[in-house]
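**Student:** Have a look at this one.
The values are calculated or read from the model by the stated rules, or taken from the named source; none is laboratory data. All of these numbers come straight from a predicted model, not from anything done at the bench. FYI the Cβ positions are ideal-geometry reconstructions off the backbone, even for glycines, and counts take in every protein chain you see. In case anyone asks, the SASA skips ligands and DNA or RNA and just uses the protein heavy atoms, side chains included. Shrake-Rupley method; radii C 1.70, N 1.55, O 1.52, S 1.80 Å.
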Amino acid sequence: MSDKPKVAFYWCASCGGCEEAVVDLAEKILDVAAAVEIVFWPVAMDFKRADVEAMEDGEIFAAFINGAVRTTEQEEMVRLLRAKSQAVVAFGSCAHLGGIPGLANLWDRETIFRTVYEDSPTTDNPDRIHPLQRYRDNGHEVELPGFFDTVRSLDQVVEVDYVIPGCAPMPDVISNAVATLLSGDLPPAGTVLTPDVALCEGCPRIDSKPEHLTISEFKRPHEVLVDEEVCLLAQGLLCLGPATRGGCGAVCIEGNMPCTGCFGPTSHVRDQGGKYLAAITSLVDADDPETIERILASIPDPVGTFYRYGLPGSLLHRKRMPVDA
Amino acid sequence: MSETHDAGQQVDGFEPRIVAFFCNWCTYLAADLAGTSRMKYAPNARVIRVMCSGRVDPQFVMEALAQGADGVLIGGCHPGDCHYQSGNYKALRRYHLLRRMLTDLGVEEKRIRLEWISAAEADKLRDVMNEMVAEIRALGPAHLEVPDESFEELEEVTV
Amino acid sequence: MPEPAARTSGNGNGTPRIGVYVCHCGTNIASTIDVAAAQRAAESLPGVVLSREYKYMCSDPGQEMIKDDIRDHGLERVVVASCSPCLHEETFRTAIADGGINPYFFQMVNIREHDSWVHKDMAAATAKANDLIRAAVRRVRFHQPLEARRVPIDPKVLVLGGGIAGIHAALTLANAGKQVYLVEREPSIGGHMAMFDKTFPTLDCAACILTPKMTQVRNHPNITIWTMSDVVEVDGFVGNYKVKVKHRPRYILEEACVGCLECIDACVFRRGKTPDEFNLGLSKRKPIYIPFPQAVPQVVLIDPDTCIEFRTGKCKKTCIEVCADRNAIDFTQTETFDEVEVGSIVVATGFKAFDAGRLPQYGYGRYDGVYTALEVERLVNASGPTEGKIVLRDGREPERIGIIHCIGSRDKNTNVYCSRVCCMYSLKLAHLLQEKTNAEIYEFYIDMRTAGKGFEEFMLRVKSEGVHMIRGKVSDVYPEAGGTGRVVLQAEDSLAGMVRKIPVDMVVLATGLEPQPDAEDVRRIFNITCAGGGFFMERHPKLAPVSTFTDGVFLAGACQAPKDIPDTVAQAGAAAAEALALIDHGYIELEPNTAYVVAEECSGCKTCLGLCPFSAITRVDGKAQINPVLCKGCGTCVAACPSGAIKQNLFEDEEIYEEIMGVLAHV
């Protein structure tokens, strides 16, 4: 038994990108492996759930959980890890805010199942069978996790101690965060482990952004030949940089694409989408309703754009559930 | 209890809860004037005073809805008359996109209302209040709370 | 007297100690709201250590009670539920300051104007009061100890515009001992009034009453006159303005010129060839000229566009020859600038007459006999282009004259408003023209607006002199058949019920008053607004007609709205008085509801910079910064900041969220 701090990794409703991000630490992963003892990592190692259940409460130093909570199994696992861990770290946008799976909160389970298992063009399911939680056949029993109507971020299920943001977090963000946690000099509980300032501060194009920017049309990236030197918002693209925490090195901007908001808002904001809406509408170059509507019509999908990663974590959490007649 | 009754409303006892953000220089004074004139209107709204309709952060509207408001009313000065020259234009621009985004999230348009009410327009204030309460009463509660979910009874099929 | 309660920072958990007072306001509140129930409900709110009801909170005993409670119970926050804050917020803030706590540790709840006076059902009204009180109790916990800021006032004043408004304001201020910079765009002060002949209703000679005031201005030790000058930049805020003034070159040394005018006679031009601006093009002037004989300063100027020396460099310069002993002519002059510091500004930039050419149906510019009213003022004036004789462009004396009201006024195609002075000046011109020509005069009017002192009497007098009044708007002006040189004025006489076609030799168009064409540019320089027709906007149409929403900038005269000379002078005096009130007080106190940037939280995203109409936000070292004296406290930037880095004193996000939670809690 080593005395290295024990860490666990788990994935909920996620794409696997956060797991890749850990692997992307490349050489640095050896430093991580040297500094900690990994006791649970379904994607990469063979530990079982029962191994975790057998641990003492608080035996795990830190559990790095990525993905949103979407099924009963995920809820059970995160509760289990919470009980067994001193610190729970929400890893990546899905755990932090709900992430892209969170956009499923525009629908409910019924609608999703009907679309996936009945209505989609290549599905052949004449008996309209949906997945159910228990199936018995010939004395055998199979259980599937329950599928919630509402996707939740990790902190909506268990108490979260720290957040490593991003979709997926960058290698240096991860290694800095892990180093902080291992240093013993722990920041206050609830801290997001990147600077608490919006992306524009570190953006290489900030000098090209006009001081009195006004917008008379919004563009989507495929509609313009994007100038590689000029601020993207100034070119009419919906760059969420002003409303998004920095610390990512502005990699998307360096790739000539607008920020989509994956690091979430600063700590002084309750709803990232709402704040971004406030900021860009303030810049719209119109004072009468008709022109305002015309300009805003060039934003095709406000929810998808402003809450790409953060719908569950927003103030309203989801589209209203269908109201029974 | 409402001060006006519209014929044909569902009488199920639902009283809309409305949060109103009124600008200090126009709409708040109009509400004061309605008071000094002893006008009567539905008591469903709760007024929160801000200096300008431009102070109204979309987050306030969303927090109000999340906390259980059935409707939100924003009152500001007429275009061109803003005490701070242009705050109401920013409010107008935000309102347009916010209302569209909220309808995408299932909040009916009629629940979020922006009205230009000058300090002299106490009667407009009264009418807006009564109208909004009636409209939202007809729409029913906003029901924006996220239901708790549990799977006590597992869905199952036996072959 | 019990021992004063220990003043801890709360109930041990950091919650400040809150006192809540629910007022009966006699029966105004108590007849519709169960005040006792509201008081009881407030008792159990978190942080409330004391909850009282009282008949009249704003009374002296009511206020004393609050002060006693602060002392005896260690109150740290106070909530009063009574009438509108617009009435008594200051009263209670002062009271609690007297009681020893910061005046901004106070929140007022409006349960009268917004509740008891507008609802009938007691249960609903009381529930509403409880919600509002709960919201205030939650909010007031987050209040910060703020201080109203004091800003000193520089006693110097800048007056922009040297017409009668600017002149009167400048003299009033200068006589009160203040130093005044009078900045005028034209080569002389005097404005439009200097162009008039006689003024209504007394028929005083305009020059006779104006020129003594102009001389007073010239001689006054406290007034610096800058003509040929414009304000190009204004920085700063009330009490501390920095104004940059540009002086256009006259090519004359003002101190050296004595106004003998010999240079004009000596000019190589035998006769004037350039349309004279002061005479509206009805006569011609030379390149070296003085706008009018009584100009102040009494100094000529050279027009570089027509002077041969400027155009070719090869003039004999006979002007310099006759000025040898004074040496006042200087062809090398250039634009210069001055920067001055003043505490207040009076904007008195006057009006522009409506351009009659915009309404071609009246024939201006097409038919020789059609004149604007201002042109006729110059004709009638003894020092005008025709030395006071009424002579048409073709040399004839008119025998029949038509005066058409409302040209460019009361017209939805041009200006909807009434220009207020035209009925009176049309009557005046009718009188003067008849005196000089004995012509038949026809006044075509819509209404006769003779609302001032002596105005109705003047109209009756002019009527009695035989001027024909026809109630009908002229719809067409066309040449009389047969080549008589006359034009026919066609109008429906609405009182007689018939269409009249009246041939006249001379048409006088009563053109309306418009804002100056550069009003939009000027307003931006001073951070004021244009409204209602493009005139500068006053702070309040009834109660604050000479101030603007920019503290320290005042308005006087026709630049604020069309008006006649008596009203202009009155308004100019009022503007001077407001400026003097500011100066005498010595400082101004600002409500501390300004926005501020927390620099560590600001990302420098620049979203806020263009949003402030008062230019209070600038970018310094990569971050936004708000000037608290320029900031008016609207909070627009606070809502727009996508990082939440801008906050607003007295209206913090947390405070508003607490109100939202408070009104929606329970149930």
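**Student:** Hey, can you tell me all the residues within segment A:188-208 that are of a type in the set (Gly, Ala, Ser) and within 13 Å of chain C (Cβ to nearest Cβ)?
**Tutor:** Quick first cut of segment A:188-208, residues of a type in the set (Gly, Ala, Ser) only: A:189-190, A:198, A:202, A:208.
Hits for segment A:188-208 are A:198, A:202, A:208.
**Student:** How many of the residues in segment C:473-492 are without any contact (Cβ under 8 Å) to a residue 60 or more places away in the chain and open to solvent by less than 10 Å² (accessible area, probe 1.4 Å)?
**Tutor:** Adding up the residues that qualify gives 1.
**Student:** Restricting attention to strands (runs of 3 or more DSSP E) lying wholly within segment C:601-667, give those where 2 or more residues are of a type outside the set (Ser, Thr, Tyr), more than 8 Å from chain A (Cβ to nearest Cβ) and open to solvent by 20 Å² or more (accessible area, probe 1.4 Å). Reasoning before the result, please.
**Tutor:** Working: elements: C:617-620, C:623-626, C:646-648.
In segment C:601-667, the matching strands (runs of 3 or more DSSP E) lie at C:623-626.
**Student:** Output the residue which, of all residues in segment B:30-61 that are more than 7 Å from every other protein chain (Cβ to nearest Cβ) and in contact with a Ser or Thr (Cβ under 9 Å, 6 or more places away or on another chain), is modelled with the lowest pLDDT.
**Tutor:** We begin by selecting, within segment B:30-61, every residue more than 7 Å from every other protein chain (Cβ to nearest Cβ); these are B:30, B:33, B:37, B:42, B:44-45, B:49, B:53, B:61.
From the residues that got through so far, the ones that are in contact with a Ser or Thr (Cβ under 9 Å, 6 or more places away or on another chain) too are B:30, B:42, B:44, B:53.
Numbers: B:30: 90, B:42: 97, B:44: 97, B:53: 97.
Ranking the qualifying residues of segment B:30-61, first place goes to B:30.
**Student:** Can you work out which of the residues in segment A:277-303 that are closer than 26 Å to residue A:166 by Cβ and within 9 Å of chain B (Cβ to nearest Cβ) is most open to solvent (accessible area, probe 1.4 Å)? Show your work before the answer.
**Tutor:** To start, the set of residues in segment A:277-303 that are closer than 26 Å to residue A:166 by Cβ comprises A:277-280, A:299-303.
Next cut, within 9 Å of chain B (Cβ to nearest Cβ) only: A:277-278, A:280, A:299, A:301-303.
Values: A:277: 0, A:278: 0, A:280: 2, A:299: 0, A:301: 72, A:302: 0, A:303: 2 Å².
Looking at residues that are closer than 26 Å to residue A:166 by Cβ and within 9 Å of chain B (Cβ to nearest Cβ), I get A:301.
**Student:** In this structure, does residue A:106 turn out to be crowded, with 16+ Cβ neighbours inside 10 Å and either within 30 Å of residue A:304 (Cβ to Cβ) or without any contact (Cβ under 8 Å) to a residue 40 or more places away in the chain (or both)?
**Tutor:** It is true that residue A:106 is crowded, with 16+ Cβ neighbours inside 10 Å and either within 30 Å of residue A:304 (Cβ to Cβ) or without any contact (Cβ under 8 Å) to a residue 40 or more places away in the chain (or both).
Per-residue answers, yes or no, for (1) open to solvent by less than 50 Å² (accessible area, probe 1.4 Å); (2) touching a helix residue (DSSP H, G or I) at 6+ places or on another chain (Cβ under 9 Å):
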residue	(1), (2)
A:5	yes, yes
A:27	no, no
A:35	yes, yes
A:57	no, yes
A:67	yes, yes
A:93	yes, yes
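**Student:** Moving on to the next point. Residues of segment A:307-325 being open to solvent by less than 70 Å² (accessible area, probe 1.4 Å) and in contact with a Ser or Thr (Cβ under 9 Å, 6 or more places away or on another chain), which ones?
**Tutor:** Passing the criteria: A:307, A:309, A:310, A:312, A:313, A:317, A:318, A:321.
**Student:** Let me ask something else. Would you mention how many residues in segment C:499-522 are open to solvent by 40 Å² or more (accessible area, probe 1.4 Å) and not in a loop (DSSP other than H, G, I, E, B)?
**Tutor:** 5
**Student:** For segment C:39-49, check the following and say yes or no: at least one residue is outside any helix (DSSP H, G or I) and closer than 18 Å to residue C:122 by Cα. Steps first, answer last, please.
**Tutor:** Going residue by residue through segment C:39-49, those that are outside any helix (DSSP H, G or I) are C:44-49.
With closer than 18 Å to residue C:122 by Cα added as a condition, the list becomes none.
Scanning segment C:39-49 turns up no residue that is outside any helix (DSSP H, G or I) and closer than 18 Å to residue C:122 by Cα.
**Student:** Let me ask another. Could you list, in sequence order, the residues of segment C:419-456 that are in contact with a Ser or Thr (Cβ under 7 Å, 6 or more places away or on another chain) and buried (at least 18 other Cβ atoms within 10 Å of the Cβ)?
**Tutor:** Within segment C:419-456, C:419, C:422, C:423, C:424, C:443 qualify.
**Student:** Let me spell it out: the conditions are (1) closer than 15 Å to residue C:140 by Cβ; (2) within 14 Å of chain B (Cβ to nearest Cβ); (3) touching a Gly at 6+ places or on another chain (Cβ under 8 Å), and residue C:84 meets all of them except one. Which number is the exception?
**Tutor:** (1)
**Student:** Which of the strands (runs of 3 or more DSSP E) found entirely inside segment C:64-180 contain at least 3 residues meeting this: open to solvent by less than 30 Å² (accessible area, probe 1.4 Å)? Write out each step before concluding.
**Tutor:** On the way: elements: C:77-82, C:106-110, C:149-152, C:157-160.
Answer list for segment C:64-180: C:77-82, C:106-110, C:157-160.
**Student:** Is it the case that residue A:144 is surrounded by 13 or more Cβ atoms within 10 Å (Cβ to Cβ), within 27 Å of residue A:94 (Cβ to Cβ) and within 11 Å of another protein chain (Cβ to nearest Cβ)? Reasoning before the result, please.
**Tutor:** On the way: surrounded by 13 or more Cβ atoms within 10 Å (Cβ to Cβ): yes; within 27 Å of residue A:94 (Cβ to Cβ): yes; within 11 Å of another protein chain (Cβ to nearest Cβ): yes.
Here the answer is yes, as residue A:144 does meet what is asked.
Condition check ((1) at pLDDT 95 or above; (2) assigned by TED's automatic domain parsing to the domain that holds residue C:108; (3) in contact with a helix residue (DSSP H, G or I) (Cβ under 9 Å, 6 or more places away or on another chain); (4) of a type outside the set (Phe, Trp, Tyr)) across all residues:
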{"site": "C:124", "(1), (2), (3), (4)": "yes, yes, no, yes"}
{"site": "C:128", "(1), (2), (3), (4)": "yes, yes, yes, yes"}
{"site": "C:170", "(1), (2), (3), (4)": "yes, no, yes, yes"}
{"site": "C:184", "(1), (2), (3), (4)": "yes, no, yes, yes"}
{"site": "C:193", "(1), (2), (3), (4)": "yes, no, yes, yes"}
{"site": "C:199", "(1), (2), (3), (4)": "yes, no, yes, yes"}
{"site": "C:210", "(1), (2), (3), (4)": "yes, no, yes, yes"}
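**Student:** Need pairs with beta-carbon distance below 6 Å; first residue open to solvent by less than 50 Å² (accessible area, probe 1.4 Å) and within segment C:205-233, second acidic (Asp, Glu); sequence gap 6+ or separate chains.
**Tutor:** C:227/C:184
**Student:** For segment A:270-320, which positions are of a type in the set (Lys, Arg) and in contact with a strand residue (DSSP E or B) (Cβ under 8 Å, 6 or more places away or on another chain)? Step through it out loud before you land on a result.
**Tutor:** Taking segment A:270-320 and keeping what is of a type in the set (Lys, Arg), we get A:270, A:275, A:294, A:308, A:318-320.
A:318 - this is the single residue of segment A:270-320 that is of a type in the set (Lys, Arg) and in contact with a strand residue (DSSP E or B) (Cβ under 8 Å, 6 or more places away or on another chain).
**Student:** Looking at (1) without any contact (Cβ under 8 Å) to a residue 60 or more places away in the chain; (2) surrounded by 16 or more Cβ atoms within 10 Å (Cβ to Cβ), which one does residue A:255 not meet, given that it meets all the others?
**Tutor:** Residue A:255 satisfies every listed condition except (2).
**Student:** While we're looking at this one, here's another question. Which pairs do you get when a residue that is closer than 15 Å to residue C:373 by Cα, found in segment C:397-411, comes within reach of a residue that is basic (Lys, Arg) and not in a loop (DSSP other than H, G, I, E, B), reach meaning Cβ atoms under 9 angstrom, with the pair 6+ apart or on two chains?
**Tutor:** Within 9 Å, the pairs are C:408/C:358.
**Student:** Hey, another quick one. Would a scan of segment B:111-133 turn up a residue that is open to solvent by less than 20 Å² (accessible area, probe 1.4 Å) and either free of Cβ contacts under 8 Å to residues at least 40 places away in the same chain or assigned to a strand (DSSP E or B) (or both)? Can you show your working first?
**Tutor:** We begin by selecting, within segment B:111-133, every residue open to solvent by less than 20 Å² (accessible area, probe 1.4 Å); these are B:111-112, B:117, B:122, B:125, B:128-129, B:132-133.
Filter again for either free of Cβ contacts under 8 Å to residues at least 40 places away in the same chain or assigned to a strand (DSSP E or B) (or both), leaving B:112.
Looking for residues that are open to solvent by less than 20 Å² (accessible area, probe 1.4 Å) and either free of Cβ contacts under 8 Å to residues at least 40 places away in the same chain or assigned to a strand (DSSP E or B) (or both), one finds at least one in segment B:111-133, hence yes.
**Student:** Keeping to segment B:71-86, report how many residues are buried (at least 24 other Cβ atoms within 10 Å of the Cβ), of a type in the set (Gly, Ala, Ser) and either assigned to a loop (DSSP other than H, G, I, E, B) or touching a Phe, Trp or Tyr at 6+ places or on another chain (Cβ under 7 Å) (or both).
**Tutor:** Total meeting the criteria: 2.
**Student:** Which one of these does residue B:64 not meet: (1) touching a Leu at 6+ places or on another chain (Cβ under 8 Å); (2) within 8 Å of chain A (Cβ to nearest Cβ); (3) open to solvent by less than 50 Å² (accessible area, probe 1.4 Å); (4) assigned to a helix (DSSP H, G or I)?
**Tutor:** It is condition (2) that residue B:64 fails.
**Student:** Okay, moving on. Check A:194, A:180, A:214 and return the single one that is buried (at least 18 other Cβ atoms within 10 Å of the Cβ) and of a type outside the set (A, V, I, L, M).
**Tutor:** Values: A:180 fails: buried (at least 18 other Cβ atoms within 10 Å of the Cβ); A:214 fails: buried (at least 18 other Cβ atoms within 10 Å of the Cβ).
From the options A:194, A:180, A:214, the qualifying one is A:194.
**Student:** Considering only residues that are of a type in the set (A, V, I, L, M, F, W, C) and either in contact with a strand residue (DSSP E or B) (Cβ under 7 Å, 6 or more places away or on another chain) or under 19 Å from residue A:54 (Cα atoms) (or both), which ones fall in segment A:1-21?
**Tutor:** Initial filter on segment A:1-21 (of a type in the set (A, V, I, L, M, F, W, C)): A:1, A:7-9, A:11-13, A:15, A:18, A:21.
The answer is A:1, A:7, A:8, A:9, A:11, A:12, A:13, A:18.
**Student:** If you take the residues in segment C:524-533 that are at pLDDT below 85 and more than 10 Å from every other protein chain (Cβ to nearest Cβ), which one is nearest to residue B:83 (Cα to Cα)? Write out each step before concluding.
**Tutor:** First, pick out the residues of segment C:524-533 that are at pLDDT below 85: C:524, C:527-533.
Filter again for more than 10 Å from every other protein chain (Cβ to nearest Cβ), leaving C:524, C:533.
Values: C:524: 16, C:533: 18 Å.
Filtering first and then ranking leaves C:524.
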